[in-house]
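So the structure is just underneath, and the comments pick up after that.
The values are calculated or read from the model by the stated rules, or taken from the named source; none is laboratory data. From a predicted model like this one, the values you see are computed outputs, not experimental measurements. Reconstructed Cβ throughout: ideal geometry from the backbone, glycine too, with neighbour counts over all protein chains shown. Calculation scope for accessible area: heavy atoms of the full protein, side chains included, ligands and nucleic acids excluded. Shrake-Rupley method; radii C 1.70, N 1.55, O 1.52, S 1.80 Å.
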Amino acid sequence: MNDIMVVAGTRPEIIKMAPLIRALQKNKIPFTFVHCGQHYDYEMSQQFIEELELPEPDYSYKVKAYSQGEQTARIIANIERLLKKTKPALVLVEGDTNGVLATALATIKLGMPVGHVEAGLRSFDLRMPEEHNRRLTDHLSTYLFAPTKNAESNLKKESVWGKIYVTGNTVIDAVIQHIPLAERKSKVMEKIRFEKFALATAHRAENVDNPPVLKNFIKAFTEAPIPVVYPMHPRTIKRLKQNRIYQKIKRSENLQILPPVGYLDFLTLMKKCEIILTGSGGIQEEATTPQIRKPVLVLRLSTERPEAVEAGFAKVVGTEKQNILEAIEKTLENKGLLPTNSPYGNGDAAEKIVEIIKCELSL
Ligand code: UD1
Ligand code: UDP
């Protein structure tokens with residue numbers, strides 16, 4: 001049988017595919033690993049391949065982001081050429097990036113099967129490119145690995161063509177597999193200026209590409225009732241520089257800006273912080289693991305992760321400075337007990353997905 005192809009292109013895809021790659025290796029299932037090149041900086045890409053001890057990609061591209069359309073089109077063209085050459089038995093994609101949609105589209109147009117890991121998430125916010133990508137990818141996929149019952153129900157409502165399986169989210173596997181390593185190896189706390197701090201990340205296009213929202217975030221972080229540690233995504237650095245804010249905030253006493261940090265350091269920061277302020281998807285999930293268990297304020301108008309909200313971990317607080325500040329204060333004052341279980345599974349999602357693949361492909 002031909003190999004399975006595992007495609008990743010951005011930081012979260014590498015992290016969430018890592019447990020799946022390990023499960024394929026453990027089950028001795030031949031696969032090729034492809035980096036479609038949406039992220040290309042060392043800190044956003046290769047750093048994770050090395051730190052997570054993944055095999056070097058068999059094929060690797062670099063697609064500097066021109067426009068969304070051009071980025072997507074270039075990945076389609078690259079992946080199509082590769083698929084014609086390698087003819088994989090199945091192509092696995094994860095999440096909702098432009099690279100995911102591009103890969104799924106190239107694959108299905110050649111009549112090859114697609115497996116979508118983390119299928120069925122919906123923010124119902126059509127301003128978000130991720131919402132276009134996940135909806136379209138789900139409708140192109142042969143196998144849909146939904147992390148939760150809620151995601152499965154979204155897929156059923158839309159009558160997707162592929163077969164749906166509920167598996168949990170591989171990010172929980174990733175946290176469980178790496179927390180012990182983080183505890184042993186990470187030295188990030190030596191760099192942190194504060195004893196108690198909030199951990200912030202923000203990179204969603206609909207937020208940081210909108211100057212008033214970007215300014216709201218920065219004001220909220222610099223005026224927050226607790227110091228803020230902020231590992232910054234390159235998109236955000238670029239926007240802050242364009243808006244001439246970056247140099248000013250680098251000197252702020254209440255804010256410590258870091259470059260994008262490695263996974264072991266980020267896990268450590270999540271574990272040590274008091275509260276997480278984020279627009280990130282994966283972080284909303286990771287915060288629910290028993291190993292981290294932190295309150296999250298979602299700096300967006302919507303979330304495609306309602307399970308974290310329902311379980312009491314996350315609160316969607318929008319993008320207004322005053323609302324963010326009030327929510328930080330309230331959350332720090334009333335630190336209720338958070339659940340000890342994650343709604344996204346208990347760390348066996350990758351194994352479950354591999355078992356399903358073995359069955360479906362008669363391996
Ligand atoms: C993308 C995904 C988003 C995901 C995020 C993970 C889409 C539409 N968005 O957003 O869902 O949450 O990745 O981090 O697919 N840049 C660099 N170096 C890099 C990567 C990006 O400098 O290695 C800068 C460039 O200026 C680039 C910008 O960031 O133009 C945006 O990169 P892009 O991959 O298009 O989107 P992200 O914001 O990273
Ligand atoms: N992350 C990291 N270093 C950072 C910021 C995030 O390792 O400086 C990890 C984080 O733990 C999570 C993933 O990157 O697993 C989230 O990526 P991102 O926020 O870029 O994307 P999203 O999840 O929003 O798609």
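For this structure, a couple of remarks:
- Restricting attention to the stretch 200-251, the residues that are farther than 19 Å from Ile324 by Cα and not aliphatic (A, V, I, L, M) total 14.
- The set of residues from the stretch 127-151 being over 25 Å from Ile76 (Cα atoms), open to solvent by 30 Å² or more (accessible area, probe 1.4 Å) and without any contact (Cβ under 8 Å) to a residue 60 or more places away in the chain comprises just one member, Lys149.
So that you can scan it fast, the table gives a plain yes or no per residue for (1) in a helix (DSSP H, G or I); (2) under 21 Å from His116 (Cα atoms); (3) within 16 Å of ligand 2 (Cβ to nearest atom); (4) under 21 Å from the mean Cα position of the chain (by Cα):
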{"residue": "Met5", "(1), (2), (3), (4)": "no, yes, no, yes"}
{"residue": "Ile14", "(1), (2), (3), (4)": "yes, yes, yes, yes"}
{"residue": "Ala23", "(1), (2), (3), (4)": "yes, yes, no, yes"}
{"residue": "Glu43", "(1), (2), (3), (4)": "yes, no, yes, yes"}
{"residue": "Glu53", "(1), (2), (3), (4)": "no, no, yes, yes"}
{"residue": "Pro57", "(1), (2), (3), (4)": "no, yes, no, yes"}
{"residue": "Gln71", "(1), (2), (3), (4)": "yes, yes, yes, yes"}
{"residue": "Asn78", "(1), (2), (3), (4)": "yes, yes, no, no"}
{"residue": "Leu82", "(1), (2), (3), (4)": "yes, yes, no, no"}
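- Any hit, the stretch 276-292, residues being open to solvent by less than 20 Å² (accessible area, probe 1.4 Å), within 16 Å of ligand 1 (Cβ to nearest atom), in contact (Cβ under 8 Å) with a residue 40 or more places away in the chain and part of a loop (DSSP other than H, G, I, E, B): yes
- Criterion violated by Leu301 - all others in (1) hydrophobic (A, V, I, L, M, F, W, C); (2) more than 16 Å from ligand 2 (Cβ to nearest atom); (3) assigned to a loop (DSSP other than H, G, I, E, B) satisfied: (2)
- Counted as qualifying within the stretch 154-266 are the helices (runs of 4 or more DSSP H) with 3 or more residues that are open to solvent by less than 30 Å² (accessible area, probe 1.4 Å) and closer than 22 Å to Gln47 by Cβ, namely 170-185.
- Hey, Lys64 loosely packed, with under 13 Cβ neighbours inside 10 Å, away from ligand 2 (no atom under 14 Å from the Cβ) and either within 21 Å of Glu360 (Cα to Cα) or not charged (D, E, K, R) (or both) or not: no
- Near pairs, Cβ below 6 angstrom, 6+ apart or cross-chain, from the stretch 100-126 (basic (Lys, Arg)) to any residue that is not in a loop (DSSP other than H, G, I, E, B): Arg122/Asn154
- Taking the numbered list (1) open to solvent by 50 Å² or more (accessible area, probe 1.4 Å); (2) closer than 23 Å to Ile353 by Cβ; (3) touching a Lys or Arg at 6+ places or on another chain (Cβ under 9 Å); (4) not acidic (Asp, Glu) in turn, Ile29 passes all entries but (1).
- Of all residues in the stretch 84-102 being open to solvent by 50 Å² or more (accessible area, probe 1.4 Å) and either among the hydroxyl-bearing types (Ser, Thr, Tyr) or not in a loop (DSSP other than H, G, I, E, B) (or both), the one that is nearest to Met112 (Cα to Cα): Lys84
- Any hit, the stretch 303-314, residues being more than 23 Å from Asn154 (Cα to Cα) and open to solvent by less than 20 Å² (accessible area, probe 1.4 Å): no
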